[in-house]
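Engineer: There's a structure below that I have some questions on.
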Amino acid sequence: MRFGPVPLDQAPGTVLAHSHPLPGGGRLRKGRRLTDADIAALRAAGAEHVTVARLDDGDIDEDAAAQALARALVPDPGAAGLDLQAVGTGRVNVIAAQAGLARVDAEAVHALNTIDPAITLATVPPWHRMEPGGMVATVKIIAYAVPGAALNTACAAGQGALYLRRPVMRRAALIETVVGAAPASTPGDKGWHVTADRLARLGVDLEPARHVPHAEAPLARAITEAARAGAELVLILTGSATSDSHDVAPQALRQAGGQVAHYGMPVDPGNLLFLGDIKGLPVVGLPGCARSPALNGADWVIERLICGVPVDGAAIMRMGVGGLLKEIPQRPRPRRQTG
């Protein structure tokens, strides 16, 4: 593509680079393919030259290029859980058709974005939770045309790079431990309601809370009961923070016949989380900050498990980059001490 000013007699068939006012208040919009009638109107407006883009042999115009790249990124929108919006001005938006997590092949996106400066793809972060209608990515061709060879290379680099991982779970259990007072059902329990709201965003129902004393034996029994009752995910919210991998909650999981796969995470808030399982059923020990609706490290673990994305210690330890989240105002020990 060649870009720049040309005499009007060389402009028919080129793409207008900048909008141009016309007599009587009209305007020729940028991106328009100039016709003989347009040239006559420009002459009548006193123009002698006009800035245009001239496509070379093998160039693909912006809309066709954007469509081709979007279809390479999402070859089967229905299977991927994504929708491709109509193209316009070299842009195609990729939209989540339902709730889920955005699976983004970051290396493919990086490779695609290095091929030609005019070919761009912007996405949400990998594993970002999406609501129906949320924008996962936008393809934008920032020139009026791109070389066909560059477009073909970009399409190959980005093939299948975008996908929506949809929920595979529908039912979860929450066990809360109580320190000091006798366990009782508390309909106004903030921890339960906040957790239920978290899970509902991905279509998961939360069973009524189980309240037990903060001790290994009753918690172990509750874990076993939750597993037998058909929960697909067991969450534990302790009345006292889990300060070690051999604290009450992790030990209760072991006593119930489960195992602890990982303790702690490099995400703040959310450090005091543990991950385990009982007979293949995932168990997550929630940090105390999970009582707040604010984003914390537990969200990232729970959302992936719900959507069938494997989570292990190695995955958790890679969450540190970007893991410094917004401080929770109610936090008993804020990061910055005053006084």
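Every number in this text was worked out from the coordinates using simple rules, so none of it is lab data. Quick caveat: nothing in here was measured; it's all calculated off a predicted structure. Note that each Cβ is placed from the backbone with ideal geometry, even for glycine, and that neighbours are counted across all protein chains shown.
Engineer: What list of whole percents do you get for P(r) of region 2-54, with Cα-Cα distances grouped in 5 Å bins up to the one holding the largest distance?
Structural biologist: Spelled out bin by bin, region 2-54 gives 5, 25, 38, 25, 6, 1, 0 percent.
Engineer: Quick check: net charge around ARG43, other residues with Cβ under 13 Å of its Cβ, Lys/Arg +1 and Asp/Glu -1? If you can, show how the numbers build up before the last one.
Structural biologist: Details: positive: none; negative: ASP9, ASP36, ASP38, GLU48.
Net of charged neighbours comes to -4.
Engineer: Same structure, new question: Tilt of helix 148-157 relative to the longest C-alpha principal axis of the chain, in degrees (0 to 90, nearest 10)?
Structural biologist: Relative to the chain, helix 148-157 is tipped by roughly 10 degrees.
Engineer: In the neighborhood of ALA99, defined by Cβ-to-Cβ distances under 15 Å, what is the net charge if each Lys or Arg adds +1 and each Asp or Glu adds -1? Don't jump to the answer; show the numbers that get you there.
Structural biologist: Working: positive: ARG103, ARG129, ARG165, ARG166, ARG170, ARG198, ARG201, ARG304; negative: ASP83, GLU131, ASP197, ASP205, ASP299, GLU303.
That works out to +2.
Engineer: In vacuum, with every alpha carbon of region 199-311 counted as one equal point scatterer, what does the Debye formula give for log10 I(q)/I(0) at q = 0.14, 0.16, 0.17, 0.18 Å⁻¹? Two decimals, please.
Structural biologist: Values returned for q = 0.14, 0.16, 0.17, 0.18 Å⁻¹ are -0.51, -0.68, -0.77, -0.88.
Engineer: Would you kindly calculate the translational diffusion coefficient of region 65-111, applying Stokes-Einstein with the Kirkwood radius from alpha carbon pairs, for 20 °C and a viscosity of 1.002 mPa s, and quote it in µm² s⁻¹ without decimals?
Structural biologist: For the chosen part, D equals 187 µm²/s.
Engineer: What is the order of CYS155, CYS289, fewest Cβ neighbours within 10 Å to most?
Structural biologist: Working: CYS155 19, CYS289 25.
Fewest-to-most Cβ neighbours within 10 Å comes out as CYS155, CYS289.
Engineer: Further question on the same structure: If a paramagnetic tag sat 7 Å from the Cα of LYS279 along the Cα-Cβ line, which residues of region 198-235 would have the backbone N under 17 Å from that point?
Structural biologist: Within reach of a label on LYS279: 220-235.
Engineer: Count the net charge of all other residues whose Cβ sits under 14 Å from the Cβ of LEU174, scoring Lys and Arg as +1 and Asp and Glu as -1. Intermediate results must be reported in sequence, preceding the final value.
Structural biologist: Details: positive: ARG171, LYS190, ARG198, ARG210, ARG291; negative: GLU176, ASP189, ASP197, ASP205, GLU207, GLU225, GLU232.
Neighbour charge sum, excluding LEU174 itself: -2.
Engineer: Measure out, as a whole number of angstrom, how far apart the alpha-carbon centroids of region 1-41 and region 233-282 sit.
Structural biologist: Each part's Cα centre sits 66 Å from the other's.
Engineer: Taking other Cβ within 10 Å of each residue's Cβ, how do TRP127, TRP300, TRP192 sort, fewest first?
Structural biologist: Working: TRP127 19, TRP300 26, TRP192 23.
Least to most surrounded, the residues fall as TRP127, TRP192, TRP300.
Engineer: OK, next. In deg cm²/dmol, rounded to 500, what helix-only [θ] at 222 nm does the chain give when every DSSP H run of at least 4 residues adds -39500 (n - 2.57) and the total is split over its residues?
Structural biologist: -7500 deg cm²/dmol
Engineer: So what are the ³J(HN,Hα) numbers for region 27-37, from phi and the Karplus equation (6.51, -1.76, 1.60; θ = phi - 60°), rounded to whole Hz, Gly and Pro as x?
Structural biologist: For region 27-37, the Karplus-derived couplings read 7, 8, 7, 4, x, 7, 6, 6, 9, 4, 5 Hz, x marking Gly and Pro.
Engineer: About the Cα centre of the chain, what is the dipole size in debye to 20, counting +1 per Lys and Arg Cβ and -1 per Asp and Glu Cβ, all else neutral? Write out the running numbers ahead of the final one.
Structural biologist: On the way: 33 positive and 32 negative charges, 147 e Å.
For this selection, approximately 700 debye.
Engineer: Full-extension gain between THR89 and ALA45, please, as 0.36 nm times their residue separation minus the C-alpha to C-alpha distance. Write down the numbers at each step before the final one.
Structural biologist: Working: separation 44, 0.36 × 44 = 15.84 nm, distance 2.57 nm.
This chain segment gains 13.3 nm when fully extended.
Engineer: Sort all Cα-Cα distances of the chain into consecutive 20 angstrom bins from zero, then give the percent of pairs in each bin up to the one containing the longest distance.
Structural biologist: For the chain, the binned pair fractions read 26, 39, 23, 11, 1 percent.
Engineer: Evaluate the distance, in nm, between pseudo-label points positioned 7 Å from the Cα of LEU8 and of ASP57 along their respective Cα→Cβ axes.
Structural biologist: If labels sit at LEU8 and ASP57, their model points lie 3.1 nm apart.
Engineer: For region 159-241, what D do you get in µm² per second when you plug the Kirkwood radius from alpha-carbon pairs into Stokes-Einstein at 25 °C and 0.890 mPa s? Mind showing how you got there, number by number?
Structural biologist: On the way: Rh = 13.9 Å.
Rounded, D is 177 µm²/s.
Engineer: So, one more: Percent of Cα-Cα pairs per 5 Å bin, from 0 to the last occupied bin, for region 67-179, please list those.
Structural biologist: All Cα pairs, binned at 5 Å, distribute as 2, 12, 22, 22, 16, 9, 5, 3, 3, 2, 2, 1, 0, 0 percent.
Engineer: Something else about it: Looking at the chain as a GNM with Cα springs under 10 Å, which of VAL15, VAL146, VAL283 has the largest mean-square fluctuation?
Structural biologist: VAL15
Engineer: Then there is this: In a GNM of the chain with a 10 Å cut-off on Cα contacts, which of LEU202, LEU34, LEU164 has the highest mean-square fluctuation?
Structural biologist: Maximum fluctuation in the GNM of the chain, among the listed residues, is at LEU34.
Engineer: Moving on to the next point. Using R₀ = 30 Å, calculate the FRET efficiency as 1/(1 + (r/R₀)^6) where r is the Cβ-Cβ separation of MET135 and ALA261; round to 0.05.
Structural biologist: Details: r = 34 Å, r/R0 = 1.14.
Result of the calculation: an efficiency of 0.30.
Engineer: Rounded to the nearest 5, what % of the DSSP beta bridges within the chain are antiparallel ones? Let's see the in-between values first.
Structural biologist: Values: 43 of 59 bridges.
About 75 percent, rounded to the nearest 5.
Engineer: Run the dipole for region 2-54 about the Cα centre, Lys and Arg Cβ at +1, Asp and Glu Cβ at -1, nothing else charged, and hand back the magnitude in debye, nearest 20. Intermediate results must be reported in sequence, preceding the final value.
Structural biologist: Details: 8 positive and 4 negative charges, 58 e Å.
Dipole of region 2-54, to the nearest 20 debye: 280 debye.
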